[in-house]
Amino acid sequence: DVEAATKDSKKIRVAKGKNHNEAAKDYAYDPKWVQDVVDGRAVNDGQRLCFLTFDDGVNHEVTPQILDVLKKEQVHATFFVVGNTIGDKTKDILERQISEGNSIGIHSFDHDYDKLYPGRTADSSRIAKEAEDTQAALKKQLGQDFQTTSWRYPGGHMSWHNMVQADDALAAQGLHWVDWNAMSGDAEPASTRPKTADEMVA
């Protein structure tokens, strides 16, 4: 029927000016508010929230496995993608992320610490350029209606110096950074990386 067809089309299409589909607006949150809550600058209304995020895609090896689990468990997540992985060959994965109710943020274009943070100091012009290039790559694959406002610094905001200028450069593009306050440990060195779900929880 018409109502079902309309509902299905809202799941597939990017919401105008957003980084998710129309149906996701019921559970999408502003990234600035999320980071303010994590940092203690804002207070949640008392409900318990958990935001599941994944960094470093897009690829056809790991990303579909994550999407399969999310779909099975009826959970949504934000994928912080690296711009140089975005292209015609990964368009299907990006479209699947959106159509299944997930959101997409930016995780730089090259994910190269030496270029982004020479001498451990943020290069605000480089960061701004990588954000701009990644946003453009996403729009090319997902359409001009796509617009993310989420950025995650490779290595995290807390790891580098001179972040105010970089934050301001991102804000000028309508982007706000989001870190994390819990992680699974999958990016740790192999010798200390958790090997089981129980170790990740611990």
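For region 102-118, backbone phi angles converted through the Karplus equation (6.51, -1.76, 1.60; θ = phi - 60°) give residue-by-residue couplings of 8, 10, 10, x, 9, 10, 6, 9, 10, 6, 10, 4, 5, 7, 6, 9, x Hz, Gly and Pro being listed as x. Across the options 182, 121, 67, the greatest Cα extent toward the positive end of the charge dipole of the chain (unit charges at beta carbon of Lys, Arg, Asp, Glu) belongs to 67. Distance between the C-alpha centres of region 87-132 and region 168-188: 11 Å, rounded to the whole angstrom.
Pairs of Lys residues in region 64-202 are counted when their Cα atoms are under 20 angstrom apart and they lie 8 or more places apart or on different chains; the count is 8. Close amide-amide hydrogen proximity is noted between residue 150 and 106, 176, each under 5 Å apart and 5 or more residues distant or on a separate chain (H modeled in the peptide plane; Pro and chain starts excluded). Shown in residue order for region 27-43 are the 3J(HN,Hα) couplings computed by the Karplus curve 6.51 cos²θ - 1.76 cosθ + 1.60 at θ = phi - 60°: 9, 7, 10, 5, x, 5, 4, 4, 5, 4, 5, 4, 8, x, 8, 9, 10 Hz (x for Gly and Pro).
Each Cα pair of region 18-91 feeds into the Kirkwood radius, which the Stokes-Einstein equation turns, at 37 °C and 0.692 mPa s, into a diffusion coefficient of 229 µm²/s. For the chain, the solvent-accessible area works out to 58 Å² per residue, with a probe of 1.4 Å and every protein chain left in place. 3J(HN,Hα) couplings calculated from phi for region 164-176 with the Karplus curve 6.51 cos²θ - 1.76 cosθ + 1.60 (θ = phi - 60°) are, in sequence order, 4, 4, 5, 4, 5, 5, 5, 4, 5, 9, x, 9, 10 Hz; Gly and Pro show x. Protection proxy ranking of 145-158, 53-66, by the mean of other Cβ atoms within 10 Å over each peptide's residues and highest first, is 145-158, 53-66.
At a 1.4 Å probe radius, carbon and sulfur cover how many percent of the accessible area of region 99-202?
Carbon and sulfur: 53 percent of the exposed surface of region 99-202.
For the chain, what is the Kirkwood estimate of the hydrodynamic radius, computed as the reciprocal of the mean inverse distance between distinct Cα atoms, to one decimal in Å?
After inverting the mean inverse Cα-Cα distance, the result is 17.8 Å.
Ordering 79-92, 181-194, 159-172 by mean Cβ neighbour count within 10 Å, with the highest value first, yields 79-92, 159-172, 181-194.
The values are calculated or read from the model by the stated rules, or taken from the named source; none is laboratory data. Just so it is clear, the structure is predicted and the values come from calculations on it, not from any experiment. For neighbour counting, all protein chains shown are included, and Cβ atoms are generated from backbone atoms with ideal geometry for every residue, glycine included. Accessible surface is based on the protein model in full, side chains and every heavy atom, while ligands, DNA and RNA are left aside. Shrake-Rupley method; radii C 1.70, N 1.55, O 1.52, S 1.80 Å.
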